[in-house]
Amino acid sequence: MRKWIIIVVLAGVAGLGAFLWLGDAPAPRAAVLRAEPGTAHYAPIATRALDPQPLTVAEMFPGPSVSAGTTRLALRNTETLADCVEAAWGSAEEALGGCTQVLRARYETEDGAVSGQFLIFNLADSAAADRLVAALKAGGFVRPAPGTPDGFDGSRSWAQVRGLGHYVTVSWVAPVVPGSKVDLTYPQVAVDGLGLVIQRRLVR
């Protein structure tokens with residue numbers, strides 16, 4: 001009888017372990033990550049009080065595609081999240097206090113070889129933005145956008161994180177075909193360039 005109790009307990013522990021491992025496994029992180037905190041250049045939008053107008057999809061993603069060099073990535077979908085923790089995990093999720101919205105968009109090259117996404121977090125102030133930048137660099141990261149291809153290769157992906165006043169942007173690109181040799185330079189530049197839209201808020 002005692003033998004069967006031990007077996008049942010061990011099986012339960014193993015099952016719980018499998019559930020925790022499979023059910024709450026962290027999303028992939030970028031293999032190459034560059035993170036830059038904010039600078040004084042963004043002082044005019046250093047707080048949400050100075051820049052209270054919420055972000056909109058039309059503002060951040062105005063065109064059907066982005067490009068750099070000879071590379072073009074088509075916009076596949078966009079979304080606005082009021083619950084910021086839906087877009088991050090780990091230390092990044094823990095650094096989202098005061099975040100009111102996340103805008104997220106997914107892009108793909110015309111040949112489908114590269115998938116990319118861009119996120120912008122609306123935080124209370126530049127100090128909160130810098131904390132999120134540090135958290136993204138330290139170990140947590142963003143979650144893949146809905147519709148991200150199954151072949152999205154986080155182990156070969158690149159990401160750029162920037163603090164822009166009370167905002168944080170994340171651009172993340174990866175090859176989709178396993179084993180393919182793809183230069184991510186232009187895709188990364190193209191997706192990261194979406195953050196330039198925030199410059200317009202500096203002169204409002």
Worksheet item: Can we say Leu184 is over 13 Å from the mean Cα position of the chain (by Cα) and within 17 Å of Ala31 (Cβ to Cβ)?
Response: yes
Item to complete: Report, by residue number, each residue of the range 35-49 that is outside any helix (DSSP H, G or I), open to solvent by less than 60 Å² (accessible area, probe 1.4 Å) and small (Gly, Ala, Ser).
Response: Ala35, Gly38, Ala46
Discussion item. Checking the structure you have, find out if any residue of the range 114-135 is over 11 Å from Trp172 (Cα atoms), open to solvent by less than 20 Å² (accessible area, probe 1.4 Å) and assigned to a loop (DSSP other than H, G, I, E, B).
Written reply: yes
Worksheet item: Are any of the residues in the range 163-177 surrounded by fewer than 18 Cβ atoms within 10 Å (Cβ to Cβ) and of a type outside the set (Phe, Trp, Tyr)?
Response: yes
Worksheet item: So which pairs qualify, if the first residue must be in the range 46-63 and farther than 18 Å from Arg162 by Cβ, the second must be hydrophobic (A, V, I, L, M, F, W, C) and modelled with pLDDT of 95 or more, the Cβ gap must be under 7 Å, and the two must be at least 6 apart or on different chains?
Response: Val57/Leu103
Worksheet item: Any idea which of (1) more than 20 Å from Ala40 (Cα to Cα); (2) among the small types (Gly, Ala, Ser); (3) over 12 Å from the mean Cα position of the chain (by Cα) is the one Gly163 doesn't satisfy?
Response: (1)
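The values are calculated or read from the model by the stated rules, or taken from the named source; none is laboratory data. Values in this document were obtained by computation on a predicted structure and should not be read as measured data. With ideal geometry, Cβ positions are generated from the backbone for all residues, glycine too; neighbour counts draw on all protein chains shown. All accessible areas refer to the heavy atoms of the entire protein, side chains included, with ligands and DNA or RNA removed. Shrake-Rupley method; radii C 1.70, N 1.55, O 1.52, S 1.80 Å.
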